[in-house]
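Colleague: If you scroll down you'll find the structure; I have some questions about it.
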Amino acid sequence: MKSVTSGHRLADGLDTKIAEVSTSLQSSVRPIVEDLIGTSHRPVTLARRLGIDKTLTGRIMRSVRANDPFEILHNAPAPHGLRIFLKAAADAGVDEDLREKAESSIADFESLIDAFPEGRSALEAAISDYIPEVRKRNERTAKQSVYKSMSYLLGYQAEASLLTTVISPSERSDMVDTTHVDSMIGLRRLRGESPVNLFGIRRHCMLPDATNWIETLGGDRGIDDAHQFLLENYCGKPIPSLRVHDSANVRYSVLDAESLPINEPVTLVNGWTIRNASLRYADDEHTHEWHSSLLRIPTRTRVQDYFVHQDVWPGPPDFVPGMPGLDISTVRTPQSGPQHDRIDMDMPVEHLGLGVHQPGIRHSTAPWYQEMLGHVFESRKLNPNEYRAYRCEIVYPVPFVRMMVWFNLAQKPHEQA
């Protein structure tokens, strides 16, 4: 059999070893399968012939049919399962020479697995980047485990988190305003009595002469009552106790744990506007704008929607997950190439068209979502049909991973330059 190569996707030595083990395993197992069931490709036929589980024979059949060395090893059963197959093949009268060759290949496969400290799971992680469906499945499994463990450790969890941002021209021609609505759907306290920061607002000055401030969706400034930022028509009742906590340049809405009974779900929707929040145009120092968010509550689904006015910030946003690091207030331009502390996770971004009434805007976790968006745009006196909508939806988002969202800045028109 001609050797299959992995195309030097990993270190050369590991690539070569995987190609050798894959070629050997496939070329030794396939003749046994053909001896038993001929050219049939049905796992159930092999299972009946040998009297073994069809899940095991299904993996064997996928492995012998694969064309890529990574896929051969991914689909192959564990060495123990392959030896169950060999024993059944011996009982069925398969030639001893064929079985000895297969046993030698299985031993090589076992040695490759043992070369990784965490065994088969570490080998799967190394090759998963090059098999998209495996990568997605493994990532989802890992994130689901984080969701379960962090829910217990923190004592809170939620069904969904919807973070909506509206980016609109400011009264200052060189700035934009941002409106944010943070919805926590089905929030539950599982254990413990520690308060938790539910919603946070970062304050930062973009230009020396551009004063910015925070206000409610109704336009009220200087508010210290956390409940006045809530959109109460979309919150569950009774609303638990919240208080404001200021920390440096961040203002938090803090949940009083004892006001939320154990295992009683509640939905909270929090909204605010930052005037003169960000730059509108590029200049000699700034080519991009960014937003960051940090999810603190384990949740099954995270949806981040951006509604961007058609006259500002051209092009789709780039969502970049990363580890929280040192002060990022001076970061203005994304680095080219690999970024420090970036986490390699799938971040699908959809362009949903103009406005808030597109069918794709709906979300099953919040049947009232489009109605709420209409209320937000009406409160801000904005025309939703002038706004491009983008969505990034993540299943089992990882808590305390910082999401950086980058936008290109347009050049300032000549008449304003």
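The values are calculated or read from the model by the stated rules, or taken from the named source; none is laboratory data. All values reported here derive from a predicted model rather than from experimental measurement. Here the Cβ is made from the backbone with ideal geometry for all residues, glycine too, and neighbour counts use every protein chain on show.
Colleague: Only residues that are in a helix (DSSP H, G or I) and surrounded by 13 or more Cβ atoms within 10 Å (Cβ to Cβ): list them for the stretch 123-135, please.
Modeller: Matches in the stretch 123-135: LEU123, GLU124, ALA125, ALA126, ILE127, SER128, VAL134, ARG135.
Colleague: Of all residues being touching a Gly at 6+ places or on another chain (Cβ under 9 Å) and assigned to a helix (DSSP H, G or I) in the stretch 76-96, which is surrounded by the fewest Cβ atoms within 10 Å (Cβ to Cβ)? Just the residue, please.
Modeller: Ranking the candidates gives ASP91 first.
Colleague: State all residues of the stretch 127-172 that are out of contact with any Leu (no Cβ under 7 Å at 6 or more places or on another chain), closer than 30 Å to ALA277 by Cα and small (Gly, Ala, Ser); if no residue qualifies, say none.
Modeller: Result: ALA160, SER170.
Colleague: So the check is Cβ under 7 Å with 6+ separation or different chains; which pairs have a first residue in the stretch 157-186 that's on the phi > 0 side of the Ramachandran plot and a second one that's in a strand (DSSP E or B) and of a type outside the set (Asp, Glu)?
Modeller: So the pair list comes out as GLY186/ALA158; GLY186/ALA160; GLY186/THR267.
Colleague: Being buried (at least 19 other Cβ atoms within 10 Å of the Cβ), under 28 Å from the mean Cα position of the chain (by Cα) and assigned by TED's automatic domain parsing to the domain that holds SER292, is that true of even one residue in the stretch 198-212?
Modeller: Yes: one or more hits.
Colleague: Can you tell me how many residues in the stretch 269-305 are closer than 23 Å to GLY236 by Cβ and part of a strand (DSSP E or B)?
Modeller: Result for the stretch 269-305: 12.
Colleague: In the stretch 239-252, what residues are touching a His at 6+ places or on another chain (Cβ under 8 Å) and part of a strand (DSSP E or B)?
Modeller: Those that are touching a His at 6+ places or on another chain (Cβ under 8 Å) and part of a strand (DSSP E or B): LEU242, ARG251, TYR252.
Colleague: Taking the condition of being surrounded by 15 or more Cβ atoms within 10 Å (Cβ to Cβ) and at pLDDT 90 or above, how many residues in the stretch 229-253 meet it?
Modeller: Count: 10.
Colleague: Continuing with the same structure: Can ASP311 be described as out of contact with any Lys or Arg (no Cβ under 6 Å at 6 or more places or on another chain), part of a loop (DSSP other than H, G, I, E, B), at pLDDT 90 or above and loosely packed, with under 14 Cβ neighbours inside 10 Å?
Modeller: Answer is yes for this residue.
Colleague: Which members of the stretch 213-228 meet the condition of being crowded, with 17+ Cβ neighbours inside 10 Å, under 17 Å from ASP177 (Cα atoms) and hydrophobic (A, V, I, L, M, F, W, C)?
Modeller: Matches in the stretch 213-228: ILE214, LEU217.
This table checks each residue for (1) modelled with pLDDT of 95 or more; (2) aliphatic (A, V, I, L, M).
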| site | (1), (2) |
| --- | --- |
| LYS17 | no, no |
| LEU25 | yes, yes |
| THR39 | no, no |
| ASP68 | no, no |
| LYS101 | yes, no |
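Colleague: Is it the case that the stretch 225-233 has a residue that's of a type in the set (Phe, Trp, Tyr) and assigned to a strand (DSSP E or B)?
Modeller: Within the stretch 225-233, not a single residue is of a type in the set (Phe, Trp, Tyr) and assigned to a strand (DSSP E or B).
Colleague: Next question. Filter the stretch 109-127 down to the residues that are over 27 Å from the mean Cα position of the chain (by Cα) and among the polar types (S, T, N, Q) and list them by number.
Modeller: SER111
Colleague: Here's another thing I want to ask about it. Of the conditions (1) more than 30 Å from PRO195 (Cα to Cα); (2) surrounded by fewer than 13 Cβ atoms within 10 Å (Cβ to Cβ); (3) of a type outside the set (D, E, K, R); (4) not assigned by TED's automatic domain parsing to the domain that holds HIS309, ASN138 fails just one. Which one is it?
Modeller: So the condition that ASN138 fails would be (2).
Colleague: Test ARG402 against the criterion of being of a type in the set (Lys, Arg), at pLDDT below 95 and surrounded by fewer than 16 Cβ atoms within 10 Å (Cβ to Cβ), and give yes or no.
Modeller: no
Colleague: Please go through the stretch 248-281 and pick out each residue that is of a type in the set (Ser, Thr, Tyr), within 22 Å of THR179 (Cα to Cα) and either out of contact with any helix residue (DSSP H, G or I) (no Cβ under 6 Å at 6 or more places or on another chain) or not assigned by TED's automatic domain parsing to the domain that holds ILE167 (or both).
Modeller: Once the filter is applied, which keeps residues that are of a type in the set (Ser, Thr, Tyr), within 22 Å of THR179 (Cα to Cα) and either out of contact with any helix residue (DSSP H, G or I) (no Cβ under 6 Å at 6 or more places or on another chain) or not assigned by TED's automatic domain parsing to the domain that holds ILE167 (or both), the stretch 248-281 yields TYR252, THR267, THR273, SER278, TYR281.
Colleague: Same structure, new question: Suppose we keep only residues that are over 23 Å from PRO413 (Cβ atoms) and of a type in the set (Ser, Thr, Tyr) within the stretch 279-305. Which one would you say is modelled with the lowest pLDDT?
Modeller: Step by step, filter the stretch 279-305, then rank; the result is SER292.
Colleague: With the requirement that a residue be in a loop (DSSP other than H, G, I, E, B) and among the aliphatic types (A, V, I, L, M), what does the stretch 253-268 give you?
Modeller: Selection gives LEU260 alone.
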